[in-house]
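Each remark here refers to the structure printed beneath this line.
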Ligand code: RI2
């Protein structure tokens, strides 16, 4: 296979959501760039760097909202090398480190976040987040008897993936349609969701439907926790950049729209939850109030206002 085709294939899998979940697409992109870098036949360092940039751009375009992709690709391609061999080696090492750190972060988030779950609690989760499931799984593993309510998460039904994972862990789970979230909220002790993006002021961008669940939780006085690796925080939001919300194809919602003349399907994949509705963001660096997001961006991601050109 032409080495570039491997990158194109991974990009297509991310775009079509065969590979999905903010963390999983980031590690898939890092692995794809690592493998590609090993096959680049360049004569000069500039040529090598241009090939890396081309492949990185291809991967980056696939899911416009996910900051995990741009953070991963930025971390993997951050090297200062004098020749091709050392550039290649540095890139490979960066990718290996990113993938391993990402795995450890999810585990650590589970340990930290699970302390917020008490014996006998009912936890509601939305969509399918490895970080959120890590929290729930760690609470279950520590011997707490918990119940989970999982939403279907239309239109892509990631909730079905979630109930499969929870079932394999032996956790008692109830599946609800998305619109039942308010009806069950009074039975819920804690909402735990993942994150696609967290902005400098602690706003959460996550799977469509998250914002209304947060609103219901707020109204019902139910705690709302976000589980997110620090690379889900968006550095560019400290420069004022707004998060692009991905609009996906109509056919994900309605397979055949041709019989309607005046109907348009709207399919935004993510929505925006204000920080006022979030009690806690659980990261591998600790559980923080959303207002501390700026510090995470500065101290963990190493971004400051001067980094405008990066
Ligand atoms: P982890 C997913 O996006 C969901 O919105 C989920 O909450 C988020 O990524 C984080 O998932 P999509 O790819 O990284 O299903 O915690 O659109 O697995």
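The three principal axes of the Cα atoms in region 196-310 give end-to-end lengths of 54, 42, 21 Å, sorted in falling order. What angle, in degrees between 0 and 90 and rounded to the nearest 10, separates the Cα long axis of helix 210-219 from the longest principal axis of the Cα atoms of the chain? So the helix axis and the longest Cα principal axis differ by about 40 degrees.
Computed from Cα atoms alone, the Kirkwood hydrodynamic radius reported for the chain is 20.2 Å.
Arrange 59, 38, 169 by Cβ neighbour counts within 10 Å, fewest through most, would you? If you can, show how the numbers build up before the last one.
Working: 59 27, 38 10, 169 14.
Least to most surrounded, the residues fall as 38, 169, 59.
Within the listed set 281, 213, 295, the Gaussian network model of the chain (springs between alpha-carbon atoms below 10 Å) gives the highest mean-square fluctuation for 295. The mean sequence separation of alpha-carbon pairs under 8 Å and at least six residues apart, normalised by the residue count of region 1-83, gives a relative contact order of 39 percent.
The simple Förster model, with R0 at 22 Å and r as the Cβ-Cβ distance, assigns residue 157 and residue 244 a FRET efficiency of 0.40.
Computed from Cα atoms, the angle from the helix 158-168 axis to the main principal axis of the chain rounds to 80 degrees.
With both partners inside the chain, how many of the DSSP beta bridges are antiparallel, as a percent to the nearest 5? Display every interim value, and only then the final one.
Details: 10 of 29 bridges.
For the chain, the DSSP antiparallel bridge percentage is about 35.
Arranged by the count of other C-beta atoms within 10 angstrom, fewest first, what order do 62, 244 take? Write down the numbers at each step before the final one.
On the way: 62 21, 244 13.
In order of increasing Cβ crowding within 10 Å: 244, 62.
For the chain, a Gaussian network of Cα nodes joined below 10 Å ranks 149, 278, 84 by mean-square fluctuation, and the top entry is 84. If you run the Gaussian network model on the chain, springs between alpha carbon atoms under 10 Å, then out of 128, 206, 71 the most flexible one is 71. Under the simplified labelling scheme, the residue 96-residue 83 pair shows an inter-label distance of 2.0 nm, with each label point 7 Å from Cα along Cα→Cβ. Annotation for region 48-118 versus region 1-27: alpha-carbon center distance of 14 Å.
Once C-alpha pairs closer than 8 Å and six or more residues apart are averaged by separation and normalised to the residue number of the chain, the relative contact order reads 17 percent. In terms of the Cα gyration tensor, with a ≥ b ≥ c the square roots of its eigenvalues, is region 157-260 rounded because a/c is under 1.5, prolate because a/b exceeds b/c, or oblate? Judged from the Cα gyration tensor, region 157-260 comes out oblate (a/c at least 1.5, b/c at or above a/b). The helix-only estimate of mean residue ellipticity at 222 nm for the chain, built from DSSP H runs of length n ≥ 4 each weighted as -39500 (n - 2.57), is -13500 deg cm²/dmol after division by the residue total.
Based on the mean of other beta carbon atoms within 10 Å per residue, what is the order of 192-199, 234-241, most packed first? Please report the intermediate quantities before stating the final value.
On the way: 192-199: 27.1, 234-241: 18.2.
Packing proxy ranking, top to bottom: 192-199, 234-241.
Here is the size of region 49-138 from its Cα atoms: Rg then Dmax, 17.6, 58 Å.
Going from the fewest other Cβ atoms within 10 Å to the most, the residues 98, 233, 157 appear in the order 157, 98, 233.
Taking every alpha-carbon pair in region 80-228 and binning the separations at 5 Å intervals from zero gives 2, 9, 18, 20, 19, 11, 6, 5, 4, 3, 2, 1, 0 percent. Between helix 45-60 and the chain there is an angle of about 20 degrees, using the helix long axis and the longest principal axis of the Cα atoms.
List the relative contact order of region 68-195 as a percent without decimals, with contacts defined as Cα pairs under 8 Å and 6+ residues apart. Kindly include the intermediate steps, with their values, before the conclusion.
Details: 178 pairs, mean separation 30.3, N = 128.
Relative contact order of region 68-195: 24 percent.
The alpha carbon centroids of region 240-284 and region 28-46 are separated by 33 Å.
Computed from the coordinates by the stated procedures, all read-outs in this text should not be read as laboratory data. Worth saying up front: this structure is predicted, and the values here are computed from it rather than measured. Neighbour counts run over all protein chains shown; Cβ positions are idealised from the backbone, glycine included.
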